[in-house]
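S.K.: Once you've had a glance at the structure underneath, I'll fire off some questions.
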Amino acid sequence: MERDIYDEDHEAFRDVVKEFVKRYVTNEAIARWDAEGEIDRDTMKAAGESGLIGLSVPEEFGGAGMLQDYRFRAIVMEEVISAGSGSLAGAFGIQDDLAVPYLVHMGTQEQKEKWLPGMATGEVIGALAMTEPGAGSDLRGIKTTAKKVDGGYIVNGAKTFISSGKTADLVVTFVKTGEGNRPDAFSLLLIENGMDGFDHGKKLHKMGFHGHDTAELSFSDVFVPEENLISGREGMGFVQLMMNLPLERMSIGVAGAAAAQAALDWTLAYTKDREAFGERIADFQNTRFRLADMSASVEALWAYTDRVMRAYAGKKLSAEEAAKYKFWATEREWEVLDLGVQLHGGYGYITEYPIARAFLDARVHRIYGGTNEIMREIVGRDLAGKR
Ligand SMILES: Cc1cc2nc3c(=O)[nH]c(=O)nc-3n(C[C@H](O)[C@H](O)[C@H](O)COP(=O)(O)OP(=O)(O)OC[C@H]3O[C@@H](n4cnc5c(N)ncnc54)[C@H](O)[C@@H]3O)c2cc1C
């Protein structure tokens with residue numbers, strides 16, 4: 001079914017994205033990013049120049065000013081993922097959905113002026129560091145401390161699994177500024193590359209997303225000036241994280257829908273081309289049934305995704321609705337990709353084929369941004385009326 005969510009402006013933007021993809025998301029570039037374990041800075045800058053990142057950055061700071069219209073971001077994901085680079089889509093997602101929003105929505109005027117122009121051009125790469133070796137789902141169990149001193153904070157601790165962590169210039173970091181684990185014991189600090197005692201640590205070797213860096217970070221007596229406290233208010237970190245989580249979770253679901261669509265397209269092309277027993281793979285009844293299953297899931301994914309993007313545009317996407325969408329979308333994505341791999345036979349397991357890479361990338365969609373168990377917990381608690 002045709003989707004009715006995009007208008008002329010979106011389609012014109014899609015042409016720009018397609019042009020970018022044709023030029024920069026080549027097989028050679030994908031292989032290079034995978035080998036180097038990161039997206040090179042020139043590509044991020046080219047994306048900035050073409051207007052593919054910094055979409056929610058206000059125009060006065062050099063962005064597109066698309067605060068609540070997620071459709072432009074969705075187009076970027078659809079086109080980049082269908083070109084075979086989940087890693088580049090992931091790098092754009094971290095910039096636009098995990099880092100930039102803390103400055104756009106919660107930054108002080110000085111923080112916006114200092115960082116947003118560079119984030120829109122790709123000269124400043126952002127990351128969000130919440131997870132620690134001992135605390136992921138249970139974020140209030142973090143141990144990284146920020147002790148108030150004259151003019152700022154002294155930060156000590158470690159983070160892990162931080163996307164864009166190796167390449168980041170600016171890390172929105174979740175720290176403890178108070179005692180205990182009450183919501184007001186936490187704050188968000190902007191920690192800059194090059195600050196004394198801040199070490200990007202090692203890149204982690206992942207199952208998928210080989211072209212996008214994920215790193216451990218460590219902080220040893222890092223002095224962070226008080227002007228780097230997000231919103232300038234201590235004790236707001238937990239609330240600030242909660243405010244952005246619906247966007248982060250919607251972003252993962254949209255990536256899942258885009259990957260499922262790409263898997264369907266690749267599998268249709270492959271099964272119509274490949275032959276066995278003198279027939280096209282697509283001519284076997286089992287293949288047609290599986291393609292029908294994949295296609296129905298993709299239709300449902302888009303219907304749900306478009307509804308969620310509309311709710312977000314109307315500022316009506318609640319934490320519970322975003323959590324519900326995230327677990328449902330990423331589980332349909334997983335099923336569709338698994339069917340796609342199967343219909344590719346042995347080639348579906350070879351990472352030269354985009355279906356294999358997308359399958360490996362997809363696995364983490366059910367884990368990060370809050371695991372799908374935690375998503376169900378949020379939804380179930382709300383349904384059951386538990387406090
Ligand atoms: C590739 C990658 C990129 C990432 N990027 C980032 C990033 O950029 N920034 C960042 O801060 N983090 C990032 N993460 C971390 C990610 O968000 C966490 O791994 C995730 O939230 C789970 O936390 P954990 O690994 O500590 O698992 P745990 O919390 O230890 O969970 C282990 C298992 O227990 C289950 N579980 C835990 N609590 C409950 C409960 N109450 N009820 C039922 N089941 C429960 C979980 O669902 C899971 O199955 C990334 C992770 C990966 C793998």
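S.K.: Under 6 Å between Cβ atoms, which residue pairs at least 6 apart in sequence (or on different chains) link something in the stretch 273-291 that is in contact (Cβ under 8 Å) with a residue 12 or more places away in the chain with a partner that is part of a loop (DSSP other than H, G, I, E, B)?
M.R.: Listed pairs, sorted by first residue: Ile281/Arg274.
S.K.: Can you list residue pairs whose Cβ atoms sit under 8 Å apart, with the first residue in the stretch 237-255 being surrounded by 21 or more Cβ atoms within 10 Å (Cβ to Cβ) and the second being β-branched (Val, Ile, Thr) and outside any helix (DSSP H, G or I)? Count only pairs 6 or more apart in sequence or on different chains.
M.R.: Here the result reads Gly237/Val175; Gly237/Thr177, each pair linking the stretch 237-255 to a residue that is β-branched (Val, Ile, Thr) and outside any helix (DSSP H, G or I).
S.K.: Sticking with this structure for a sec: With respect to the numbered conditions (1) under 30 Å from Met243 (Cβ atoms); (2) in contact with a strand residue (DSSP E or B) (Cβ under 8 Å, 6 or more places away or on another chain); (3) not acidic (Asp, Glu), which one is the sole condition not fulfilled by Met309?
M.R.: It fails just one condition, (2).
S.K.: As an exercise: evaluate Ile94 against (1) within 16 Å of the ligand (Cβ to nearest atom); (2) more than 30 Å from Glu373 (Cβ to Cβ); (3) in a helix (DSSP H, G or I); (4) aliphatic (A, V, I, L, M) and give the number of the one condition it does not meet.
M.R.: With (1) within 16 Å of the ligand (Cβ to nearest atom); (2) more than 30 Å from Glu373 (Cβ to Cβ); (3) in a helix (DSSP H, G or I); (4) aliphatic (A, V, I, L, M) applied to Ile94, the lone miss is (2).
S.K.: In addition: Residues Ser56, Ser82: which one is of a type in the set (S, T, N, Q), farther than 28 Å from Trp266 by Cα and touching a residue at least 24 places away in the same chain (Cβ under 8 Å)?
M.R.: Details: Ser82 fails: farther than 28 Å from Trp266 by Cα.
Just a single option satisfies the conditions, and that option is Ser56.
S.K.: Something else: Restricting attention to the stretch 195-245, which residues are in a loop (DSSP other than H, G, I, E, B) and small (Gly, Ala, Ser)?
M.R.: Taking the stretch 195-245 first, the residues in a loop (DSSP other than H, G, I, E, B) are 195-197, 200-202, 204-213, 233-236.
Correct list: Gly197, Gly201, Gly208, Gly211, Gly235.
S.K.: If you check His210, His205, which single one turns out to be outside the structural domain of Lys114 (by TED's automatic domain parsing), more than 9 Å from the ligand (Cβ to nearest atom) and under 17 Å from the mean Cα position of the chain (by Cα)? Break it down into steps so the answer makes sense when it comes.
M.R.: Values: His205 fails: under 17 Å from the mean Cα position of the chain (by Cα).
Going through His210, His205 in turn, the sole match is His210.
S.K.: Output the residues belonging to the stretch 59-79 that are assigned to a loop (DSSP other than H, G, I, E, B) and either of a type in the set (Ser, Thr, Tyr) or in contact (Cβ under 8 Å) with a residue 60 or more places away in the chain (or both).
M.R.: Of everything in the stretch 59-79, those that are assigned to a loop (DSSP other than H, G, I, E, B) and either of a type in the set (Ser, Thr, Tyr) or in contact (Cβ under 8 Å) with a residue 60 or more places away in the chain (or both) turn out to be Gln68, Asp69, Tyr70.
S.K.: Please verify whether Ile154 is crowded, with 23+ Cβ neighbours inside 10 Å and within 19 Å of Leu217 (Cβ to Cβ), treating the condition exactly as stated. It would help to see each step written out before you state the result.
M.R.: Working: crowded, with 23+ Cβ neighbours inside 10 Å: no; within 19 Å of Leu217 (Cβ to Cβ): yes.
So Ile154 fails the test.
S.K.: Report yes if some residue within the stretch 28-46 is without any contact (Cβ under 8 Å) to a residue 12 or more places away in the chain, in the same structural domain as Gln95 (by TED's automatic domain parsing) and in a loop (DSSP other than H, G, I, E, B); otherwise report no.
M.R.: yes
S.K.: If Thr131 satisfies every condition in (1) within 28 Å of Gly314 (Cα to Cα); (2) assigned by TED's automatic domain parsing to the domain that holds Asn193 but one, which is the exception?
M.R.: If we test Thr131 against (1) within 28 Å of Gly314 (Cα to Cα); (2) assigned by TED's automatic domain parsing to the domain that holds Asn193, just (1) comes out false.
S.K.: Mind listing whichever residues of the stretch 175-190 are crowded, with 20+ Cβ neighbours inside 10 Å, more than 13 Å from the ligand (Cβ to nearest atom) and aliphatic (A, V, I, L, M)?
M.R.: If the condition is that a residue be crowded, with 20+ Cβ neighbours inside 10 Å, more than 13 Å from the ligand (Cβ to nearest atom) and aliphatic (A, V, I, L, M), then Leu189, Leu190 are the ones that fit.
S.K.: For the stretch 160-174, what are the residues that are surrounded by 19 or more Cβ atoms within 10 Å (Cβ to Cβ) and out of contact with any helix residue (DSSP H, G or I) (no Cβ under 7 Å at 6 or more places or on another chain)? So that I can check it myself, show each step before the final result.
M.R.: Let us first name the residues in the stretch 160-174 that are surrounded by 19 or more Cβ atoms within 10 Å (Cβ to Cβ), namely 160-168, 170-174.
Hits for the stretch 160-174 are Thr160, Phe161, Ile162, Gly165, Lys166, Thr167, Ala168, Val171, Thr173.
S.K.: Name the pairs: first residue in the stretch 354-379 and more than 12 Å from Gly256 (Cβ to Cβ), second residue of a type in the set (A, V, I, L, M) and not in a helix (DSSP H, G or I), Cβ to Cβ under 8 Å, at least 6 apart or on different chains?
M.R.: Here the result reads Ala356/Ile350; Leu360/Met207, each pair linking the stretch 354-379 to a residue that is of a type in the set (A, V, I, L, M) and not in a helix (DSSP H, G or I).
S.K.: When you scan the stretch 337-381, how many residues do you find that are part of a helix (DSSP H, G or I), more than 15 Å from the ligand (Cβ to nearest atom) and either farther than 25 Å from Gly37 by Cα or among the acidic types (Asp, Glu) (or both)?
M.R.: Number of matching residues: 7.
S.K.: Can you report the number of residues in the stretch 119-146 which are assigned to a helix (DSSP H, G or I), under 19 Å from the mean Cα position of the chain (by Cα) and more than 10 Å from the ligand (Cβ to nearest atom)?
M.R.: Step one: filter the stretch 119-146 for residues assigned to a helix (DSSP H, G or I), giving 119-121, 139-141.
From what is left, the residues that are under 19 Å from the mean Cα position of the chain (by Cα) are 119-121, 139.
This time we only want the ones that are more than 10 Å from the ligand (Cβ to nearest atom), so: 119-121.
The number of residues fulfilling the criteria is 3.
The values are calculated or read from the model by the stated rules, or taken from the named source; none is laboratory data. No experiment lies behind these values; they were computed from the predicted model shown. Positions of Cβ are backbone-derived with ideal geometry, glycine not excepted, and every protein chain shown enters the neighbour counts.
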